[in-house]
Structure formats: C-alpha cells, structure tokens
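The values are calculated or read from the model by the stated rules, or taken from the named source; none is laboratory data. The structure displayed is predicted, hence computed values, not measured ones. Glycine gets a Cβ as well: all are built from the backbone with ideal geometry, and neighbour counts include every protein chain shown.
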C-alpha cells in the first residue's frame, strides 16, 4: 500500500515485513522506518490537514496513529513515531482473538476515525464528546436493503442487473436503511443515506413485502424526482398551454 501525507511532502509505503517506510516525495529518499505492526498493513490514511499525522491499520487488528515527522532526514524529534495504538480485540476476554482492520477514514475535522473490520463491525475512535453522543443515537444494526440481493446477467446484452428491479446496480436509486430482519428505519434515519438528505418524507418510506416467515423485504424504492424531471414536466405544461392559446386565437 502507498499513501501520501497531508501536504504531499512525504510518501508512505506499507511493506511485507510489516514496517511503514517514509520517503521524501521530492528526493525519493528513505527518511525513516516506523515499526509497530505485526502483520500486513493495508491502510494508510493521512490526517486531513496535519502533514505530520498519519494512521495505518491492517490484519494484525491494530490501528496506529503516527507522527511521521518532516522531510528532514536528520531530524532529532522525540515525538516522531507512534502516537496512539488501538487493538481491535474481539469480546471482553482475550480468547477470541482480534478482527483484522480493512479500512479507516478520518473525519473532516481530524478529531475522529471510523474503522471497519473483518467481522462486519464499524467502530469510531474520537476525542470529541459531541461526535460520540451523535453516533450513539444510531441503531446498532445498519444495512442497505440491497445488501446480498441477487443479480443476474442479461443474456443478450451481458449487462449485470438487479434481479428484482431489472436495473443496473449503479443506476438504482439510493438504497434504504434496514435492520438485520429487513425492517426499514424511520425517515429521519433514511436521510443519512447520500442522495436522500433533502427528500420529502413520502420518498423516505419504502414499499415492504412480508414473507411467510415474517421477514420483511423492501420490494422497490420510490425514486427521487430530480430537478431535470421537474423542469421537463414544467416545460411540457407550458408548451401545452401555449398550444391551447394559439388554438383559441386561431378559432
């Protein structure tokens, strides 16, 4: 894995020996080596604005926040190195091992980090109490209704389509948020989905079918009307009115 720091002065590489190497992007020289991971690290994420701060994560279940220093190879700064380490221990005991960290992202203000692991968990590390209280309001289970839904290949065009709607997945409207049993969440939570932030409440309530086992499934979404749709409709109305006026004047 290769990543840059915030001001592009440094390039970081995660190598197969579990070390993080820091290079000068202008000179191409190795500046320093960071040791802390004990397995493959596949995540390198630069702090949004501090060029000295970078976090890495990987299969050893560790997320490490580093002070990577500057391009000065001879820098004698005791702060360079590991700033903070989080270990993704599974369960309260120590017999369940750890969950590999697959991805992590900084919040725009640089005070929080969101992580995902190999067991489907989403975790949040934060130094901001306001951020933590906001995320505590979310349900413990968040799935898209399209997760794990079957797809098919069109025999003529070879296009991949959603089996239920016969629409290409990338052309489908934004999905709905549901729990593990397929029950949709209320509209105020549906607005958390990108593309649904400003929709009217009527577009945030999906159609639901209930199976014999009681499992609920969203059978279709009500696509949001775009500004272009509304403009086309308004233009058609205006053209129709104009034709009616012309017909009246002619008569």
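Overview of results
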| quantity | calculated |
| --- | --- |
| Answer from 49, 111 - the residue that is farther than 21 Å from residue 2 by Cα and surrounded by fewer than 18 Cβ atoms within 10 Å (Cβ to Cβ) | 111 |
| First in segment 172-200 and without any contact (Cβ under 8 Å) to a residue 40 or more places away in the chain, second anywhere and surrounded by fewer than 16 Cβ atoms within 10 Å (Cβ to Cβ) and assigned to a strand (DSSP E or B), Cβ under 7 Å, 6 or more apart | 177/144 |
| Filter pass, residue 247 being modelled with pLDDT under 85, in contact with a strand residue (DSSP E or B) (Cβ under 8 Å, 6 or more places away or on another chain) and loosely packed, with under 10 Cβ neighbours inside 10 Å | no |
| Odd one out for residue 111 among (1) over 22 Å from residue 23 (Cα atoms); (2) out of contact with any helix residue (DSSP H, G or I) (no Cβ under 9 Å at 6 or more places or on another chain); (3) free of Cβ contacts under 8 Å to residues at least 40 places away in the same chain | (2) |
| Lone qualifier among 211, 240, 221, 195 - being out of contact with any helix residue (DSSP H, G or I) (no Cβ under 8 Å at 6 or more places or on another chain) and modelled with pLDDT under 65 | 221 |
| Output for segment 155-176, where each listed residue is more than 23 Å from residue 204 (Cα to Cα), in contact with a strand residue (DSSP E or B) (Cβ under 6 Å, 6 or more places away or on another chain) and loosely packed, with under 13 Cβ neighbours inside 10 Å | 160 |
| Any hit, segment 130-138, residues being modelled with pLDDT under 85, in contact with a helix residue (DSSP H, G or I) (Cβ under 8 Å, 6 or more places away or on another chain) and not in a strand (DSSP E or B) | yes |
| Within segment 22-57, tally of residues that are under 22 Å from the mean Cα position of the chain (by Cα) and not in a loop (DSSP other than H, G, I, E, B) | 11 |
| Selection status of residue 83, within 16 Å of residue 6 (Cβ to Cβ), in contact with a strand residue (DSSP E or B) (Cβ under 6 Å, 6 or more places away or on another chain) and assigned to a strand (DSSP E or B) | yes |
| Any hit, segment 148-169, residues being outside the structural domain of residue 120 (by TED's automatic domain parsing), in a helix (DSSP H, G or I) and modelled with pLDDT of 85 or more | yes |
| Residue check for residue 63: surrounded by 12 or more Cβ atoms within 10 Å (Cβ to Cβ), at pLDDT below 90 and not assigned by TED's automatic domain parsing to the domain that holds residue 189 | no |
